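Everything on this sheet refers to the single structure shown next.
The values are calculated or read from the model by the stated rules, or taken from the named source; none is laboratory data. No experiment lies behind these values; they were computed from the predicted model shown. Reconstructed Cβ throughout: ideal geometry from the backbone, glycine too, with neighbour counts over all protein chains shown.
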Amino acid sequence: MDDDTDRVLVGRYRNGDRAAFAEIVIRYQRPIYNAAFWVLRSVEDAQDVAQIVFLKVAERLDEYDGQYKFFSWIYRIAVNESLNLLRRHGREEPLDDEIDLPDADSANPESKLNDAQVSKRIQSALMTMSANDRLVLTLRHFSECSYQEIAEILDVDEKTVKSRLFEARHRLRDLLVDLHQH
C-alpha cells in the first residue's frame, strides 16, 4: 500500500471528509478480511472482525501516529481483534474442507489442476497450524509484508519475526513433506 496516499486520506478524514474514510475502507477491506480469515479460519468471523476494525479506525484515527505506516497500524488492529476473538471463542477448530482457491495462471489445464491441488494442500496445511504460525506466514508470504512491517504489526523486534518465520516455515515444510517427494 502507498504510504503517501494513506497519509492524504487520513489527513482528509481528520479534517471532516467522510469520503476519505470510504476510500480507506475500499483500500483495506480485502487485506483486513484476509488477515482475519487466516487467523480465524472462518468467513463469518473474518467479516465480523473487518467491520470491528473499521469501526475502531473511525473512532481512533486521531490516535494514529503518522511516523508509522498506516498499513501496519490498521493490520495490528486486525490481528489483535482476530486473536481476541479466537481467545473468546476458546477454539482452534478445523476449517471446512471447501476453500475457494484462485485460478492458476497457467495455460495448460493439467498444470492448472496440479497447481490448484498443490495450493489446496498448502492452504489445508496452513489451517492445521497454530494461529501465530499462520499469522506470521501469511503476513510475509500472502500480504508481502517486510520483516519490519511484521515487527510493527506484531509489536516484536525483527529478530523475533525472523525466528518465528524460520520455525513456522519448518513446521509447514514438515506438514508438506509429501509434496517435496514428487
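Residue-by-condition table, conditions (1) modelled with pLDDT of 85 or more; (2) exposed (fewer than 14 other Cβ atoms within 10 Å of the Cβ); (3) more than 20 Å from PHE54 (Cβ to Cβ):
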site: PHE70; (1), (2), (3): yes, no, no
site: GLU92; (1), (2), (3): no, yes, yes
site: ALA104; (1), (2), (3): no, no, yes
site: ASN108; (1), (2), (3): no, yes, yes
site: ILE150; (1), (2), (3): yes, no, yes
Show the residue pairs meeting these rules: Cβ distance below 8 Å; 6+ apart or different chains; first residue within region 114-142 and more than 14 Å from VAL177 (Cα to Cα) and not assigned by TED's automatic domain parsing to the domain that holds TYR75; second residue acidic (Asp, Glu) and crowded, with 17+ Cβ neighbours inside 10 Å.
LEU139/GLU149
Which pairs turn up if I take residues in region 58-72 that are of a type in the set (Asp, Glu) and look for partners that are in a helix (DSSP H, G or I) and surrounded by 11 or more Cβ atoms within 10 Å (Cβ to Cβ) with beta carbon separation below 8 Å, at least 6 apart in sequence or on another chain?
ASP62/ARG14; ASP65/TRP73
ILE26 vs. criteria touching a residue at least 24 places away in the same chain (Cβ under 8 Å) and of a type outside the set (Asp, Glu)
no
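Scan region 16-51 for residues that are among the small types (Gly, Ala, Ser) and either assigned to a helix (DSSP H, G or I) or exposed (fewer than 14 other Cβ atoms within 10 Å of the Cβ) (or both) and jot them down. Full working, then the answer.
Looking only at region 16-51, we keep the residues that are among the small types (Gly, Ala, Ser), and these are 16, 19-20, 22, 35-36, 42, 46, 50.
Across region 16-51, the qualifying residues are GLY16, ALA19, ALA20, ALA22, ALA35, ALA36, ALA46, ALA50.
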Which residues, taken from region 158-173, are β-branched (Val, Ile, Thr) and crowded, with 16+ Cβ neighbours inside 10 Å?
VAL161
Being within 25 Å of SER130 (Cβ to Cβ), in a helix (DSSP H, G or I), outside the structural domain of SER124 (by TED's automatic domain parsing) and within 14 Å of the chain's Cα centre (by Cα), is that true of even one residue in region 52-63?
yes
